[in-house]
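The structure appears below as C-alpha coordinates.
The values are calculated or read from the model by the stated rules, or taken from the named source; none is laboratory data. No experiment lies behind these values; they were computed from the predicted model shown. Positions of Cβ are generated from backbone atoms using ideal geometry, with glycine treated the same way; all protein chains shown enter the neighbour counts.
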Amino acid sequence: MRIAFYAPLKPPDHPIPSGDRQVAQLFLAALRRGGHDPVLASRFRSFEGRGDRYLQTRLAALGRKLAERLVRRYRAAPASAPDLWFTYHIYHKAPDWLGPRVALALGVPYVVAEASFAPKRAGGAWDPGHHAAQHAIRTADAVIGLNPADRDCVLPLLADRARWVAMKPFLDAGFYAPSEPAGERPARLIVVAMMRPGDKLASYRMLGDALSRLSGLDWTLEVVGDGAARSEVAQALSQLGGRVMWAGTLSAPALARHLAAADLCVWPAINEAFGMSLLEAQASGLPVVAGASGGVAQIVRPGISGFLISPGDAAGFAAAVRSLIVDRGLRRRFGEAARRRILAEHDLPAAAQHLTSVFETLRPAHAA
(Lines give C-alpha, C1' and ligand atoms only; values in the text may rest on other atoms or scores of the structure.)
Protein backbone atom coordinates (compact mmCIF):
# COMPACT_ATOMS: atom_id res chain seq x y z
CA MET A 1 0.00 0.00 0.00
CA ARG A 2 1.32 3.44 -0.91
CA ILE A 3 1.03 5.69 2.15
CA ALA A 4 1.36 9.47 2.40
CA PHE A 5 3.16 10.07 5.71
CA TYR A 6 3.05 13.41 7.52
CA ALA A 7 4.22 14.66 10.93
CA PRO A 8 3.03 18.25 11.53
CA LEU A 9 5.02 18.80 14.73
CA LYS A 10 8.41 17.72 13.38
CA PRO A 11 9.21 15.81 10.18
CA PRO A 12 11.08 12.53 10.62
CA ASP A 13 14.17 13.93 8.89
CA HIS A 14 14.35 17.08 11.04
CA PRO A 15 17.98 17.84 12.02
CA ILE A 16 17.24 18.23 15.75
CA PRO A 17 16.82 14.91 17.60
CA SER A 18 13.86 14.38 19.90
CA GLY A 19 11.53 11.66 21.08
CA ASP A 20 8.89 12.90 18.66
CA ARG A 21 11.23 12.62 15.68
CA GLN A 22 12.30 9.18 16.84
CA VAL A 23 8.74 7.86 17.05
CA ALA A 24 7.96 9.27 13.60
CA GLN A 25 10.98 7.41 12.23
CA LEU A 26 9.85 4.23 13.98
CA PHE A 27 6.40 4.47 12.40
CA LEU A 28 8.03 4.77 9.00
CA ALA A 29 10.15 1.71 9.77
CA ALA A 30 7.10 -0.25 10.92
CA LEU A 31 5.20 0.66 7.75
CA ARG A 32 8.09 -0.52 5.59
CA ARG A 33 8.41 -3.67 7.70
CA GLY A 34 4.76 -4.35 6.97
CA GLY A 35 5.44 -4.27 3.22
CA HIS A 36 4.02 -0.79 2.61
CA ASP A 37 5.52 2.13 0.70
CA PRO A 38 5.43 5.22 2.92
CA VAL A 39 6.38 8.50 1.27
CA LEU A 40 6.89 11.75 3.17
CA ALA A 41 4.04 13.91 1.89
CA SER A 42 5.26 17.24 3.28
CA ARG A 43 7.78 18.79 5.67
CA PHE A 44 5.40 21.62 6.54
CA ARG A 45 5.55 22.32 10.30
CA SER A 46 2.27 23.56 11.71
CA PHE A 47 3.70 23.98 15.21
CA GLU A 48 3.07 27.34 16.87
CA GLY A 49 4.25 27.43 20.47
CA ARG A 50 3.60 31.00 21.61
CA GLY A 51 -0.16 31.25 21.26
CA ASP A 52 0.12 33.82 18.45
CA ARG A 53 -3.33 33.91 16.79
CA TYR A 54 -2.04 35.82 13.77
CA LEU A 55 0.70 33.30 13.10
CA GLN A 56 -1.74 30.42 13.53
CA THR A 57 -4.01 32.01 10.93
CA ARG A 58 -1.07 32.34 8.54
CA LEU A 59 -0.10 28.70 9.09
CA ALA A 60 -3.69 27.60 8.47
CA ALA A 61 -3.83 29.50 5.18
CA LEU A 62 -0.48 28.08 4.09
CA GLY A 63 -1.66 24.60 5.05
CA ARG A 64 -4.76 24.91 2.92
CA LYS A 65 -2.69 26.02 -0.08
CA LEU A 66 -0.27 23.14 0.38
CA ALA A 67 -3.16 20.67 0.62
CA GLU A 68 -4.62 22.00 -2.63
CA ARG A 69 -1.22 21.74 -4.29
CA LEU A 70 -0.84 18.11 -3.16
CA VAL A 71 -4.28 17.22 -4.49
CA ARG A 72 -3.43 18.74 -7.88
CA ARG A 73 -0.13 16.89 -7.95
CA TYR A 74 -1.69 13.54 -7.12
CA ARG A 75 -4.47 13.99 -9.66
CA ALA A 76 -1.97 14.93 -12.34
CA ALA A 77 0.10 11.81 -11.60
CA PRO A 78 -2.32 9.11 -10.33
CA ALA A 79 0.49 6.55 -10.01
CA SER A 80 1.99 8.66 -7.21
CA ALA A 81 -1.29 9.14 -5.36
CA PRO A 82 -1.50 7.45 -1.94
CA ASP A 83 -3.85 4.65 -1.00
CA LEU A 84 -3.97 6.01 2.55
CA TRP A 85 -2.93 9.16 4.41
CA PHE A 86 -1.10 8.66 7.74
CA THR A 87 -0.50 11.58 10.12
CA TYR A 88 1.65 11.15 13.20
CA HIS A 89 0.98 13.30 16.28
CA ILE A 90 -1.53 16.13 16.24
CA TYR A 91 -2.65 18.44 19.03
CA HIS A 92 -3.69 22.06 19.46
CA LYS A 93 -0.18 23.46 18.95
CA ALA A 94 0.52 21.30 15.89
CA PRO A 95 -2.75 20.54 14.05
CA ASP A 96 -3.04 18.78 10.71
CA TRP A 97 -4.05 21.29 8.06
CA LEU A 98 -3.19 18.88 5.20
CA GLY A 99 -4.38 15.32 5.81
CA PRO A 100 -8.14 15.75 6.18
CA ARG A 101 -8.39 17.84 3.00
CA VAL A 102 -6.17 15.63 0.87
CA ALA A 103 -7.74 12.37 2.03
CA LEU A 104 -11.25 13.68 1.43
CA ALA A 105 -10.37 14.97 -2.03
CA LEU A 106 -8.75 11.68 -3.05
CA GLY A 107 -11.30 9.45 -1.33
CA VAL A 108 -8.67 7.53 0.70
CA PRO A 109 -8.65 6.56 4.39
CA TYR A 110 -7.28 9.11 6.83
CA VAL A 111 -5.40 7.64 9.80
CA VAL A 112 -3.93 9.51 12.77
CA ALA A 113 -1.45 8.09 15.25
CA GLU A 114 -1.07 9.75 18.65
CA ALA A 115 -3.74 12.43 18.65
CA SER A 116 -4.48 14.40 21.80
CA PHE A 117 -7.39 16.73 22.46
CA ALA A 118 -7.89 19.09 25.40
CA PRO A 119 -11.41 20.58 25.69
CA LYS A 120 -10.05 23.24 28.07
CA ARG A 121 -8.16 24.80 25.14
CA ALA A 122 -11.38 25.93 23.47
CA GLY A 123 -11.40 29.72 23.18
CA GLY A 124 -7.82 29.99 24.41
CA ALA A 125 -4.64 31.22 22.78
CA TRP A 126 -4.50 28.18 20.48
CA ASP A 127 -8.20 28.13 19.59
CA PRO A 128 -7.59 27.83 15.80
CA GLY A 129 -5.30 24.86 16.33
CA HIS A 130 -7.69 23.39 18.87
CA HIS A 131 -10.55 23.40 16.37
CA ALA A 132 -8.32 22.07 13.59
CA ALA A 133 -7.18 19.17 15.78
CA GLN A 134 -10.81 18.50 16.69
CA HIS A 135 -11.81 18.43 13.02
CA ALA A 136 -8.96 16.08 12.08
CA ILE A 137 -9.84 13.64 14.85
CA ARG A 138 -13.53 13.71 13.91
CA THR A 139 -12.77 12.89 10.29
CA ALA A 140 -10.19 10.17 10.99
CA ASP A 141 -11.06 6.66 9.92
CA ALA A 142 -8.82 5.39 12.72
CA VAL A 143 -6.96 7.01 15.61
CA ILE A 144 -4.04 4.91 16.83
CA GLY A 145 -3.41 5.65 20.49
CA LEU A 146 0.03 5.08 21.99
CA ASN A 147 -0.84 6.87 25.21
CA PRO A 148 -3.98 5.63 27.00
CA ALA A 149 -4.22 9.02 28.74
CA ASP A 150 -5.44 10.50 25.42
CA ARG A 151 -8.36 8.09 25.08
CA ASP A 152 -11.03 9.73 27.23
CA CYS A 153 -10.89 13.09 25.42
CA VAL A 154 -10.54 11.61 21.92
CA LEU A 155 -13.34 9.03 22.09
CA PRO A 156 -16.24 11.56 22.26
CA LEU A 157 -15.08 13.02 18.93
CA LEU A 158 -15.25 9.73 17.04
CA ALA A 159 -18.36 8.74 15.10
CA ASP A 160 -17.62 5.14 16.05
CA ARG A 161 -15.72 4.31 19.24
CA ALA A 162 -14.14 1.39 17.39
CA ARG A 163 -12.08 3.96 15.46
CA TRP A 164 -9.86 4.30 18.55
CA VAL A 165 -7.17 1.63 18.20
CA ALA A 166 -4.90 1.13 21.19
CA MET A 167 -1.31 0.32 20.31
CA LYS A 168 1.71 -0.26 22.51
CA PRO A 169 4.73 2.02 22.05
CA PHE A 170 7.49 0.23 20.16
CA LEU A 171 11.08 0.31 18.96
CA ASP A 172 13.55 -1.81 17.02
CA ALA A 173 14.73 -3.98 19.91
CA GLY A 174 17.39 -5.64 17.79
CA PHE A 175 19.29 -2.36 17.76
CA TYR A 176 19.98 -2.64 21.50
CA ALA A 177 22.20 -5.18 23.24
CA PRO A 178 21.60 -6.48 26.78
CA SER A 179 23.77 -4.76 29.35
CA GLU A 180 26.77 -6.53 30.81
CA PRO A 181 26.48 -7.84 34.40
CA ALA A 182 28.01 -5.44 36.90
CA GLY A 183 31.27 -6.49 38.51
CA GLU A 184 32.80 -5.08 41.65
CA ARG A 185 32.30 -1.45 40.73
CA PRO A 186 29.90 1.37 41.56
CA ALA A 187 26.38 0.95 40.17
CA ARG A 188 26.04 2.89 36.94
CA LEU A 189 22.82 4.87 36.76
CA ILE A 190 21.80 6.49 33.48
CA VAL A 191 19.23 9.10 32.48
CA VAL A 192 18.42 9.93 28.86
CA ALA A 193 16.33 13.06 28.38
CA MET A 194 16.35 16.40 26.63
CA MET A 195 17.02 19.47 28.72
CA ARG A 196 14.27 22.00 28.29
CA PRO A 197 12.15 24.16 30.60
CA GLY A 198 8.92 22.74 31.98
CA ASP A 199 8.33 19.10 32.77
CA LYS A 200 11.79 17.92 31.69
CA LEU A 201 13.51 20.38 34.00
CA ALA A 202 11.08 19.51 36.80
CA SER A 203 12.01 15.84 36.35
CA TYR A 204 15.72 16.63 36.54
CA ARG A 205 15.16 18.64 39.71
CA MET A 206 13.28 15.78 41.33
CA LEU A 207 16.01 13.38 40.23
CA GLY A 208 18.63 15.54 41.93
CA ASP A 209 16.53 15.67 45.09
CA ALA A 210 15.99 11.90 45.13
CA LEU A 211 19.58 10.87 44.41
CA SER A 212 20.98 13.31 46.96
CA ARG A 213 19.40 11.03 49.59
CA LEU A 214 21.67 8.14 48.52
CA SER A 215 25.04 9.65 49.42
CA GLY A 216 25.98 6.62 51.51
CA LEU A 217 25.89 4.24 48.52
CA ASP A 218 28.42 3.61 45.77
CA TRP A 219 27.03 4.80 42.41
CA THR A 220 27.53 7.17 39.49
CA LEU A 221 25.03 8.91 37.20
CA GLU A 222 25.53 9.39 33.48
CA VAL A 223 23.37 12.12 31.93
CA VAL A 224 22.64 11.79 28.21
CA GLY A 225 21.03 14.81 26.59
CA ASP A 226 21.29 18.53 26.05
CA GLY A 227 19.08 21.52 25.44
CA ALA A 228 18.15 25.08 26.31
CA ALA A 229 17.90 24.31 30.06
CA ARG A 230 21.40 22.80 30.30
CA SER A 231 22.59 25.24 32.97
CA GLU A 232 19.44 24.74 35.05
CA VAL A 233 19.84 20.97 34.84
CA ALA A 234 23.48 21.29 35.95
CA GLN A 235 22.31 23.33 38.93
CA ALA A 236 19.62 20.75 39.76
CA LEU A 237 22.23 17.97 39.85
CA SER A 238 25.05 20.01 41.38
CA GLN A 239 24.38 18.54 44.81
CA LEU A 240 25.46 15.13 43.48
CA GLY A 241 29.01 16.41 42.97
CA GLY A 242 31.54 14.27 41.12
CA ARG A 243 29.19 11.33 40.73
CA VAL A 244 27.67 12.93 37.60
CA MET A 245 29.11 12.34 34.14
CA TRP A 246 27.83 14.45 31.25
CA ALA A 247 27.61 12.60 27.92
CA GLY A 248 25.77 15.26 25.93
CA THR A 249 23.72 14.35 22.88
CA LEU A 250 24.63 10.94 21.45
CA SER A 251 24.03 9.29 18.11
CA ALA A 252 21.74 6.28 18.16
CA PRO A 253 24.61 3.73 18.00
CA ALA A 254 26.52 5.56 20.74
CA LEU A 255 23.43 5.69 22.94
CA ALA A 256 22.98 1.93 22.53
CA ARG A 257 26.57 1.40 23.70
CA HIS A 258 26.14 3.66 26.72
CA LEU A 259 22.92 1.90 27.71
CA ALA A 260 24.66 -1.47 27.42
CA ALA A 261 27.33 -0.25 29.84
CA ALA A 262 24.81 0.96 32.45
CA ASP A 263 23.07 -0.90 35.28
CA LEU A 264 19.90 1.06 35.96
CA CYS A 265 17.77 3.69 34.19
CA VAL A 266 16.27 6.43 36.35
CA TRP A 267 13.78 9.10 35.27
CA PRO A 268 10.96 10.81 37.26
CA ALA A 269 8.97 11.24 34.02
CA ILE A 270 6.83 14.15 35.23
CA ASN A 271 3.88 14.48 32.81
CA GLU A 272 5.63 12.12 30.38
CA ALA A 273 3.54 10.60 27.58
CA PHE A 274 5.40 7.29 27.83
CA GLY A 275 9.11 7.94 27.34
CA MET A 276 11.07 6.35 24.50
CA SER A 277 14.20 6.30 26.64
CA LEU A 278 12.47 3.92 29.06
CA LEU A 279 11.77 1.51 26.19
CA GLU A 280 15.38 1.77 25.00
CA ALA A 281 16.72 1.10 28.48
CA GLN A 282 14.61 -2.01 28.92
CA ALA A 283 15.53 -3.25 25.45
CA SER A 284 19.14 -3.00 26.70
CA GLY A 285 18.28 -5.19 29.67
CA LEU A 286 18.13 -2.39 32.22
CA PRO A 287 15.60 -2.19 35.04
CA VAL A 288 13.82 1.15 35.32
CA VAL A 289 12.79 3.43 38.16
CA ALA A 290 10.35 5.99 36.78
CA GLY A 291 7.44 8.23 37.68
CA ALA A 292 4.00 6.77 37.11
CA SER A 293 2.86 9.45 34.64
CA GLY A 294 0.79 9.20 31.46
CA GLY A 295 1.46 6.01 29.57
CA VAL A 296 4.62 5.03 31.46
CA ALA A 297 2.70 2.29 33.28
CA GLN A 298 2.06 0.46 30.02
CA ILE A 299 5.77 0.08 29.26
CA VAL A 300 7.21 -0.50 32.75
CA ARG A 301 5.77 -3.42 34.72
CA PRO A 302 6.06 -2.57 38.46
CA GLY A 303 7.76 -5.29 40.45
CA ILE A 304 8.77 -7.14 37.28
CA SER A 305 10.84 -4.82 35.08
CA GLY A 306 11.27 -1.94 37.50
CA PHE A 307 9.49 0.35 39.93
CA LEU A 308 6.93 3.10 39.28
CA ILE A 309 6.73 5.92 41.80
CA SER A 310 3.95 8.43 42.37
CA PRO A 311 4.74 11.71 40.59
CA GLY A 312 6.69 14.07 42.82
CA ASP A 313 7.55 11.46 45.49
CA ALA A 314 11.31 12.03 45.78
CA ALA A 315 11.62 9.91 48.93
CA GLY A 316 9.83 6.97 47.31
CA PHE A 317 11.96 7.36 44.19
CA ALA A 318 15.13 7.30 46.27
CA ALA A 319 13.99 4.17 48.13
CA ALA A 320 13.32 2.33 44.87
CA VAL A 321 16.71 3.28 43.44
CA ARG A 322 18.37 2.24 46.69
CA SER A 323 16.82 -1.24 46.53
CA LEU A 324 18.21 -1.82 43.05
CA ILE A 325 21.65 -0.47 43.85
CA VAL A 326 22.15 -2.73 46.86
CA ASP A 327 20.47 -5.87 45.43
CA ARG A 328 22.34 -6.91 42.30
CA GLY A 329 20.30 -10.08 41.96
CA LEU A 330 17.04 -8.13 41.86
CA ARG A 331 18.58 -5.71 39.40
CA ARG A 332 19.57 -8.59 37.12
CA ARG A 333 16.15 -10.28 37.31
CA PHE A 334 14.33 -7.05 36.56
CA GLY A 335 16.65 -6.31 33.63
CA GLU A 336 16.20 -9.76 32.10
CA ALA A 337 12.41 -9.52 32.47
CA ALA A 338 12.45 -6.06 30.90
CA ARG A 339 14.33 -7.30 27.82
CA ARG A 340 11.99 -10.29 27.39
CA ARG A 341 8.90 -8.09 27.61
CA ILE A 342 10.19 -5.56 25.09
CA LEU A 343 10.95 -8.34 22.60
CA ALA A 344 7.52 -9.91 23.08
CA GLU A 345 5.29 -6.83 23.18
CA HIS A 346 7.09 -3.68 22.03
CA ASP A 347 9.30 -4.75 19.12
CA LEU A 348 9.07 -3.52 15.53
CA PRO A 349 7.58 -6.71 13.99
CA ALA A 350 4.59 -6.62 16.36
CA ALA A 351 3.98 -2.95 15.51
CA ALA A 352 4.17 -3.63 11.77
CA GLN A 353 1.66 -6.44 12.02
CA HIS A 354 -0.70 -4.32 14.10
CA LEU A 355 -0.65 -1.43 11.63
CA THR A 356 -1.27 -3.71 8.68
CA SER A 357 -4.26 -5.29 10.43
CA VAL A 358 -5.72 -1.81 11.02
CA PHE A 359 -5.31 -0.87 7.35
CA GLU A 360 -6.88 -4.12 6.17
CA THR A 361 -10.08 -3.38 8.11
CA LEU A 362 -10.20 0.21 6.82
CA ARG A 363 -9.94 -0.36 3.09
CA PRO A 364 -13.18 -2.33 2.55
CA ALA A 365 -15.08 -0.18 5.05
CA HIS A 366 -13.88 3.02 3.42
CA ALA A 367 -14.69 1.73 -0.05
CA ALA A 368 -18.22 0.87 1.09
Item checked: Close pairs from the stretch 14-38: first not assigned by TED's automatic domain parsing to the domain that holds Ile90, partner modelled with pLDDT of 95 or more and of a type in the set (A, V, I, L, M, F, W, C), Cβ under 6 Å, at least 6 apart -> none
Item checked: Exclusive hit being touching a Pro at 6+ places or on another chain (Cβ under 8 Å) and of a type in the set (A, V, I, L, M), set Ile299, Ile325 -> Ile299
Next item on the list: Return the residue satisfying two criteria in turn: it lies in the stretch 136-149 and is free of Cβ contacts under 8 Å to residues at least 40 places away in the same chain and surrounded by fewer than 23 Cβ atoms within 10 Å (Cβ to Cβ), and of such residues it is farthest from Gly295 (Cα to Cα).
Entry: Thr139
Notebook entry, point to check: Under 6 Å by Cβ, and 6 or more places apart or on different chains, what pairs join a residue from the stretch 256-280 that is among the hydroxyl-bearing types (Ser, Thr, Tyr) with one that is modelled with pLDDT of 90 or more?
Noted result: Ser277/Val192
Next item on the list: Note down all Cβ pairs under 8 Å where the first residue falls in the stretch 232-251 and is on the phi < 0 side of the Ramachandran plot, the second is exposed (fewer than 14 other Cβ atoms within 10 Å of the Cβ), and they're at least six residues apart or on different chains.
Entry: Glu232/Pro197
Check: Out of all the residues in the stretch 213-231, which are in contact (Cβ under 8 Å) with a residue 40 or more places away in the chain and assigned to a helix (DSSP H, G or I)?
Finding: Arg213, Leu214
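I need the full set of residues from the stretch 294-333 which are in a helix (DSSP H, G or I) and basic (Lys, Arg), in order please.
Initial filter on the stretch 294-333 (in a helix (DSSP H, G or I)): 296-298, 314-326, 328-333.
Passing the criteria: Arg322, Arg328, Arg331, Arg332, Arg333.
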Next item on the list: Tell me which of these Ala337 doesn't satisfy, since it passes every other one: (1) surrounded by fewer than 18 Cβ atoms within 10 Å (Cβ to Cβ); (2) more than 24 Å from Asp150 (Cα to Cα).
Entry: (1)
Next item on the list: Kindly indicate the residue of the stretch 14-40 that is out of contact with any strand residue (DSSP E or B) (no Cβ under 7 Å at 6 or more places or on another chain) and farther than 14 Å from Ala252 by Cα and also surrounded by the most Cβ atoms within 10 Å (Cβ to Cβ) among those meeting that condition.
Entry: Ala30
Checklist line | Those residues of the stretch 304-322 which are closer than 25 Å to Lys200 by Cα and free of Cβ contacts under 8 Å to residues at least 60 places away in the same chain, in sequence order | finding: Ser305, Gly306, Phe307, Leu308, Ile309, Ser310, Pro311, Asp313, Gly316, Ala319, Ala320
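Given the structure, is Ser215 among the small types (Gly, Ala, Ser) and modelled with pLDDT under 95? Can you show your working first?
Numbers: among the small types (Gly, Ala, Ser): yes; modelled with pLDDT under 95: yes.
Yes: the conditions hold for Ser215.
Check the stretch 156-172 and report whether any residue there is surrounded by 15 or more Cβ atoms within 10 Å (Cβ to Cβ), in a helix (DSSP H, G or I) and not assigned by TED's automatic domain parsing to the domain that holds Gly285. Working first, answer last.
So in the stretch 156-172, the residues surrounded by 15 or more Cβ atoms within 10 Å (Cβ to Cβ) come out as 157-158, 163-165, 167-172.
Then keep just the ones that are in a helix (DSSP H, G or I); that gives 157, 163.
Keeping just the survivors that are not assigned by TED's automatic domain parsing to the domain that holds Gly285 gives 157, 163.
Checked against the condition, which is being surrounded by 15 or more Cβ atoms within 10 Å (Cβ to Cβ), in a helix (DSSP H, G or I) and not assigned by TED's automatic domain parsing to the domain that holds Gly285, the stretch 156-172 yields at least one hit.
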Next item on the list: Identify the single condition in (1) outside the structural domain of Phe86 (by TED's automatic domain parsing); (2) modelled with pLDDT of 95 or more; (3) assigned to a helix (DSSP H, G or I) that Ala290 does not satisfy, given that it satisfies every other one.
Entry: (3)
